[in-house]
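> Attaching a single structure in structure tokens format; questions to follow.
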Amino acid sequence: MLPVVRIVVATDSFKGTLTAAEASDAVARGLLRARPDAEVLTRPVADGGEGTVAAAVRAGARPVTRTVSGPDGRPVRAVFAVDGSTAVVELAAAAGLGLLAGPAPTTATTRGVGELLLAALDAGARRIVLGLGGSASTDAGAGLLQALGVRLLDAAGRDVPPGGAGLAVLDRIDARARDPRLRDVTVEVATDVDNPLTGPDGAAAVYGPQKGATPEQVAALDAALQRFAAVVRRDLGTELEGRPAMGAAGGTAAGVAAVLPCSVASGAELVADLVGLDAALAGTDLAVTGEGSLDAQSLRGKAPAVVAARARAAGVPCVGLAGRVGLDPDALAAAGFTAAHAMTEVAGLARCLAEPAAVLEELAARVLRGQAPSNPRT
């Protein structure tokens, strides 16, 4: 039996099967089966998109629920988190792709996200962490800005319609009526992508098709985003083109940067800070992290790689558990992993999909008992 006394479990979601909290809890149960006397601390993590609020709540933040506008205008119930003067808001809770009844690539709006920001201000927030990811919109955060009181007007002085298509008729921006409380707020944008706002690697070209946009709609949306950037440059004096990460969440990062003092950072790093990962790792004997597929994409700033890197910095061995492992031992070691194991070591694919929590629990128990082979690739 491994001489383990204290274990930190910090997994991301196993997409399509387990949330980050469900995965972390399953791992914790397995570890305690193998070592009932262990102290197991769970700190679910995320990349800044879906799961960010849940991670903050698990770490002790208070959940707050509000009814806001969904991406197609229908009301939705959305949750954000409050911890003292810090609020954690998740774009997907109000403008997520999963909230649409059907594709709306040119009309989906981020207005509800702005309404959540107002609710966070009402709750006393002076620091807002805005997690981007899973968006239904390509509106450059236009709806968010309108909810905050920013006027986006056409040539006749009318508010532009919702969605990226509305930006095609944008003539001027008037930010004078924005909520005055925003002057005293720090906004930290959390994202795991670095796409620019426009062009072949921009928000419309890369993510528009995932939201149902046809090639013609992608071209129209990209042109509308270019127009937005040009009007922002002229009216607000802020340059959005050519800056990394401005294309995050359909350009929402650009809309926030256009009007609010903000910083843009790795979502996984911000979430690790929010959940107090470094403090949790101090004095720990083992860290366990994971996600659905531990592969080359994981090493590009994804949450498990951040957990492994921070564990290594703290001198803590780190084991990765995943649905599949697509990294060889050298790549794993370079990233800070002591070992990695796939769920298919203990069950066939059908059972892994049908009973993911039970299989992950069994895998964690076997790994801690030392029954699993070292660094298999499955």
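> Report the gain in length on full extension from Leu349 to Thr67: 0.36 nm times residue separation, minus Cα-Cα distance, nm rounded to one decimal. Mind showing how you got there, number by number?
Values: separation 282, 0.36 × 282 = 101.52 nm, distance 3.92 nm.
The Leu349-Thr67 span can extend by a further 97.6 nm.
> If packing is taken as the average number of other Cβ atoms within 10 Å across a peptide's residues, how do 296-305, 28-37, 11-20, 188-197 rank, most packed first?
On the way: 296-305: 20.4, 28-37: 17.4, 11-20: 22.2, 188-197: 24.1.
Most protected by this proxy first, the peptides run 188-197, 11-20, 296-305, 28-37.
> For the stretch 115-207, list log₁₀ I(q)/I(0) at each q in 0.11, 0.15, 0.19 Å⁻¹, using the Debye formula over Cα point scatterers of equal strength and ignoring solvent, two decimals each.
For the stretch 115-207, the Cα-only Debye profile gives -0.38, -0.70, -1.06.
> Sort Cys262, Cys318 by Cβ crowding within 10 Å, fewest neighbours at the top.
Details: Cys262 17, Cys318 27.
Placing the least packed residue first, the sequence is Cys262, Cys318.
> Rounded to the nearest Å, what's the spacing between the alpha carbon centres of the stretch 1-65 and the stretch 87-149? Just the number, please.
That distance is 26 Å.
> So what is the relative contact order for the chain, in percent, with contacts set as C-alpha pairs under 8 Å and at least six apart? Don't skip to the answer; put the middle values down first.
On the way: 975 pairs, mean separation 71.0, N = 378.
Normalised by residue count, the contact order of the chain is 19 percent.
> Another question, if that's okay. By how many nm would the segment from Ala177 to Arg127 grow when fully extended, if each residue of separation counts as 0.36 nm and the alpha-carbon distance is taken off?
On the way: separation 50, 0.36 × 50 = 18.00 nm, distance 2.08 nm.
Additional length available on full extension: 15.9 nm.
> Given labels modelled 7 Å from the Cα in the Cβ direction, how far is it in nm from Arg158 to Arg324?
Placing both labels 7 Å along Cα→Cβ, they lie 5.1 nm apart.
> Can you show me the helix-derived [θ] at 222 nm for the chain, built from DSSP H runs with n ≥ 4 at -39,500 (n - 2.57) apiece and divided by the number of residues, rounded to the nearest 500. Let's see the in-between values first.
Values: 14 runs with 135 residues, N = 378.
Helices in the chain give a 222 nm mean residue ellipticity of -10500 deg cm²/dmol.
> Subtract the Cα-Cα distance of Asp37 and Ala313 from 0.36 nm times their separation in residues, and report this length gain in nm to one decimal. Display every interim value, and only then the final one.
Values: separation 276, 0.36 × 276 = 99.36 nm, distance 2.62 nm.
Taking 0.36 nm per residue and subtracting the Cα distance, the gain is 96.7 nm.
> I need the shape label for the stretch 115-164. Rule: rounded when a/c is under 1.5, else prolate if a/b > b/c, else oblate, with a, b, c from the alpha carbon gyration tensor. Each step should come with its number before you reach the end.
Working: a/c = 3.47, a/b = 1.53, b/c = 2.27.
Since a/c reaches 1.5 but b/c is at least a/b, the shape of the stretch 115-164 is classed as oblate.
> Same structure, new question: Based on the mean of other beta carbon atoms within 10 Å per residue, what is the order of 205-212, 230-237, most packed first? Don't skip to the end; give the middle numbers.
On the way: 205-212: 18.9, 230-237: 14.6.
Ranking the peptides 205-212, 230-237 by packing returns 205-212, 230-237.
All of the numbers you see were taken from the coordinates with simple rules; none came from a lab. The structure displayed is predicted, hence computed values, not measured ones. Please note: Cβ atoms are built from the backbone with ideal geometry, for glycine as well, and neighbour counts cover all protein chains shown.
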